[in-house]
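Here is the structure we will look at, set down as structure tokens.
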Amino acid sequence: MSPTTTIPTSDLVVAAVAASHSTSSEDSTNDESTVNTPTLTLGKLWVQPGDQLQVGTQGLAPQSNVRISIRSEVVELGEFIADASGIAFMDVTIPTSFADDPGLHTIVATGIDELGQQVEVMQPIRVGFDSSAPWIEPIGSAGAISLSADTVDVTAEGQVITMTSAVFDDLSGFDSGSIQWRGPNDTIFSCIATRIFLYGGGACVISAGDDLNGLYSSPIVLPSSSRPGAYEFISLGLRDKAGNQVNYVDPIHSEVTPGSVDMTTLGYRPGAFDFTVTSSGIIDFAPPTISPFGSNGAMTLSARNVDTSSSSKTIAAELQVQDDLSGFSRGGINWSNGDRSIATCISDQTFLFGGGECKRTSGDEFDGLYSSPVNFPANSRAGVYRFTSMTLIDNSGNQATYFDPANVQTSDSRWVDITTLGYSSGAFDITSTGTGDLIAPWIAAFGSPGAISLSTNSVNSSTGAQTVTLSLGVSDDLSGFESGTIQWTNGDITLFSCVAEQIYLYGGGACTRTSGDGISGNYSSPVRLPANGKAGIYRFMSLTLDDKSGNRVTYYDPANAPACGADCVDITTLGYRSGFLDISNGP
């Protein structure tokens with residue numbers, strides 16, 4: 001056998017081992033000058049024990065065997081055969097035993113290349129359960145947060161202030177974040193992203209490092225029409241790929257709530273990231289406006305009646321929006337039939353929403369025609385959906401809200417009565433007909449198939465983060481189950497989990513439907529207790545379920561939570577005893 005050639009492709013090694021192959025160099029028909037270098041690619045950089053990982057190899061001998069393993073100790077993950085092009089893609093499962101050995105591991109692919117030589121191709125992988133949120137460095141450290149300027153003048157042209165910050169994560173890697181400032185008339189935002197993300201005319205980028213230790217650049221874009229005055233830093237929110245979140249706040253501008261971090265504890269002075277905008281030019285103080293009834297561009301609906309008995313239906317709302325200086329940015333329209341609300345968006349940039357697109361169809365941000373989809377799911381609740389309000393915001397943060405006085409009451413003098421523009425009350429109400437889904441989702445009674453169960457009622461997070469899985473069956477009659485939430489509390493700390501029709505990453509786990517469909521399905525919901533979490537009993541409070549028609553039900557344990565109205569069900573009436581879903585944490 002030829003000696004093995006090792007081809008590392010990164011600092012972290014994941015090895016796929018190809019079985020010995022009898023092809024000799026004399027048998028090879030490949031010209032050495034055109035031989036492809038073997039490569040190994042991984043579907044992601046971090047996995048949890050028990051997760052599936054997609055692995056791909058290229059540049060191997062056609063029809064040769066490929067065996068995948070993970071190294072620290074060698075554990076084989078599977079054996080596969082490359083196709084006629086020497087390419088193999090496969091899904092392998094990371095053994096659950098790696099929960100006891102978190103951190104950096106190596107996966108190696110040893111195979112036969114196109115010249116008949118045995119090779120090893122390597123890639124890094126991070127394995128383990130991540131229960132720690134990302135973090136920032138204290139003042140004075142390399143990578144401490146800084147602003148490029150604390151005062152800008154937008155008289156001649158728009159300006160950009162850049163916030164720079166290092167972000168760290170221990171395992172899964174930092175994913176994304178947002179930053180908020182409160183201005184004279186609006187809240188403005190910026191982003192932090194491990195991938196280049198265009199935002200507000202700038203780009204959020206990682207300028208150095210990686211998702212475990214990276215330096216990030218976040219633009220604060222201030223157009224020439226920006227309102228002069230003080231912009232107060234409110235918060236910096238960070239999220240890693242496992243879903244762990246943290247919110248850093250300035251205590252003089254924002255309340256320090258459980259789960260948030262007072263930035264002064266890291267040495268940052270109060271107001272350290274505030275900035276001031278000055279201008280002696282023309283300032284945009286006027287909000288966007290719409291055309292009055294009967295004029296070109298007046299607001300219209302493509303239909304005012306829908307029948308959702310057999311399928312979903314979409315109505316288009318169209319309207320002209322004008323703005324004098326900074327240009328229209330975004331907005332939204334709301335309807336309600338009392339216990340079910342429907343909304344759509346208005347956007348100067350194309351935005352996918354509710355199965356359609358909110359977009360500008362002609363003109364520009366100063367005078368444009370906009371189209372917005374109003375989506376009614378199949379079996380939507382029948383009745384009249386009354387137009388309540390429409391909000392429009394320009395690029396300077398000036399805001400106008402139009403309302404129908406027959407459908408909503410307000411004392412806010414800034415709101416505009418739409419009838420003063422010639423529109424009649426009820427002009428934008430929509431009537432839905434059909435069978436309609438009036439029944440909320442429901443769960444199975446104790447002792448029946450699909451009854452709620454916990455993987456365990458007792459954990460000890462003093463030795464590491466722990467995950468308890470709640471399993472349950474959910475049924476719905478027409479529109480289908482959509483989503484839900486579950487809550488536990490020990491008095492000081494509230495734990496949450498989700499129930500999801502589609503796979504939803506949450507708290508280091510995944511809320512999934514394990515079988516069935518939206519009419520009758522079985523679901524898995526992880527609740528995560530962080531390492532060294534507070535000991536004691538986490539008492540089950542409630543389980544809330546929604547279907548696609550907006551019907552909602554909340555199941556509660558009367559020993560732990562008060563009754564909550566007509567849409568609430570005492571879970572003991574289904575045969576579950578009080579405390580059945582409580583979780584004990586401690587030795």
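The values are calculated or read from the model by the stated rules, or taken from the named source; none is laboratory data. From a predicted model like this one, the values you see are computed outputs, not experimental measurements. Neighbour counts run over all protein chains shown; Cβ positions are idealised from the backbone, glycine included.
Search region 169-179 for residues being in a strand (DSSP E or B) and touching a Gly at 6+ places or on another chain (Cβ under 8 Å), and hand back the single one that is farthest from TYR248 (Cα to Cα).
PHE174
Which members of region 292-326 meet the condition of being in contact with a Leu (Cβ under 7 Å, 6 or more places away or on another chain) and outside any strand (DSSP E or B)?
Listed by number, the residues that qualify are PRO292, PHE293, GLY297, MET299.
Condition check ((1) in contact with a helix residue (DSSP H, G or I) (Cβ under 7 Å, 6 or more places away or on another chain); (2) among the β-branched types (Val, Ile, Thr); (3) closer than 22 Å to TYR216 by Cβ; (4) at pLDDT 95 or above) across all residues:
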{"residue": "ARG239", "(1), (2), (3), (4)": "no, no, yes, no"}
{"residue": "SER260", "(1), (2), (3), (4)": "no, no, yes, no"}
{"residue": "ASP274", "(1), (2), (3), (4)": "no, no, yes, yes"}
{"residue": "SER279", "(1), (2), (3), (4)": "no, no, no, no"}
{"residue": "ALA286", "(1), (2), (3), (4)": "no, no, no, no"}
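Quick one: GLY508 ticks every box in (1) under 26 Å from VAL459 (Cα atoms); (2) modelled with pLDDT of 85 or more; (3) touching a Phe, Trp or Tyr at 6+ places or on another chain (Cβ under 6 Å) bar one, so which box is it?
Only one criterion is unmet by GLY508, namely (2).
Can you tell me which of ALA99, ALA133 is modelled with pLDDT of 80 or more and under 29 Å from the mean Cα position of the chain (by Cα)?
Selected residue: ALA133, the only one of ALA99, ALA133 that is modelled with pLDDT of 80 or more and under 29 Å from the mean Cα position of the chain (by Cα).
In region 432-451, what residues are over 33 Å from the mean Cα position of the chain (by Cα) and of a type in the set (Ser, Thr, Tyr)?
Matches in region 432-451: THR433, THR435, SER448.
Quick check on my filter: what residues within region 235-260 are in contact with an Asp or Glu (Cβ under 6 Å, 6 or more places away or on another chain) and either in a loop (DSSP other than H, G, I, E, B) or surrounded by fewer than 20 Cβ atoms within 10 Å (Cβ to Cβ) (or both)?
ARG239, LYS241, ALA242, PRO251, HIS253, VAL256
Quick check on my filter: what residues within region 190-217 are more than 19 Å from the chain's Cα centre (by Cα), closer than 17 Å to THR162 by Cα and of a type in the set (Gly, Ala, Ser)?
Residues satisfying the conditions are GLY200, GLY201, GLY202, ALA203, SER207, ALA208, GLY214, SER217.
Is region 557-576 home to any residue that is touching a helix residue (DSSP H, G or I) at 6+ places or on another chain (Cβ under 9 Å) and surrounded by 17 or more Cβ atoms within 10 Å (Cβ to Cβ)?
yes
Name the residue that is surrounded by the most Cβ atoms within 10 Å (Cβ to Cβ), counting only residues in region 65-116 that are within 23 Å of LEU212 (Cα to Cα) and aliphatic (A, V, I, L, M).
Here the residue is ILE107.
Being closer than 30 Å to SER311 by Cβ and acidic (Asp, Glu) is the filter here, so list the residues in region 533-587 that pass it.
ASP546, ASP547, ASP567
Does PHE376 qualify as being closer than 20 Å to GLU318 by Cα and at pLDDT below 95?
Answer is yes for this residue.
For region 329-344, which residues satisfy the criterion of being more than 19 Å from GLN399 (Cα to Cα), charged (D, E, K, R) and modelled with pLDDT of 90 or more?
Result: no residue meets the conditions.
Of all residues in region 151-174, count the ones that are at pLDDT 90 or above and within 29 Å of SER132 (Cα to Cα).
Final tally of qualifying residues: 9.
Would you confirm whether or not region 125-133 contains a residue that is among the aliphatic types (A, V, I, L, M) and within 30 Å of THR265 (Cα to Cα)?
yes
Out of region 195-234, which residues are among the small types (Gly, Ala, Ser), in a strand (DSSP E or B) and at pLDDT below 95?
GLY202, ALA203, SER207, ALA208, GLY209, GLY214, SER217, SER218, GLY229
Within region 184-194, track down each residue that is modelled with pLDDT under 80 and of a type in the set (Gly, Ala, Ser).
none
Which of (1) outside any loop (DSSP other than H, G, I, E, B); (2) among the hydroxyl-bearing types (Ser, Thr, Tyr); (3) under 26 Å from ASP186 (Cβ atoms) does SER413 not meet, given it meets every other one?
(1)
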